[in-house]
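Read-outs: derived from the displayed coordinates by stated rules, not from any lab. What you are looking at is a predicted structure, and each value in this text was computed from that prediction instead of being measured. Ideal geometry is used to build each Cβ from the backbone, glycine not excepted, and the neighbour counts take in all protein chains shown.
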Amino acid sequence: MPPVDIKILPLTGEYDATVVDSGSAPSNVIRTEDSWSVPMKWRIEGALAHSLGGRWRVQVAFESQGNQGVEKITTAPTIAYTSGAFGFNGSQPVADFSTTMNFAPGDPPLTGQPDVPYRLTAMLTYINSVGQPGPMAAAIDLGTVTFFDSTILAP
């Protein structure tokens, strides 16, 4: 999946995320008995990349398809801007960030169904030093992921 561009002058950036199964392979089918995760990485580049404070908020939104499942947004603990890896791309300051949102077996709940397709979106928001959302945000459509319970016998 191509990264999403973040363009706020004098900064530019990229954000990327994907769904991986318990074996760390990209997947759009997850067994409810397995854990799974969404690794995310992003880069900010430009004159202010080393000068910002604040935090990043990362979230995954779940939208059930066919009204079978639970709609929800899961939020990870915020990430301090100062935790980035700071360097240079040529003469341009850059700040690289990454995190992984881990999900336990059974998340999302299937509400008694043998399988439920969910449309997933990975969201990134900059929160400034006074706790307000700032001018940097991005969302990536992770596609439709089917969660199924392999312990339920078909009729």
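Taking all Cα pairs closer than 8 Å and separated by 6 or more residues, the relative contact order of the chain comes to 28 percent. Distances between placed amide hydrogens fall under 5 Å for Trp56 paired with Ile79, Ala80, Tyr81, Ile127, all partners being 5 or more residues away or on another chain.
Ordering Leu48, Leu120 from the fewest to the most neighbouring beta carbons within 10 Å gives Leu48, Leu120. Look at [x] 167; [y] 116; [z] 159: the one that is volume of the Cα convex hull per residue in Å³ derived from this structure is [y]. Ratio of Rg to Rh for the range 27-66: 1.15 [Cα atoms; Kirkwood radius as inverse mean 1/r over pairs].
What you get for the chain, charging only the Cβ of Lys and Arg (+1) and of Asp and Glu (-1), is a dipole of about 460 debye around the Cα centre.
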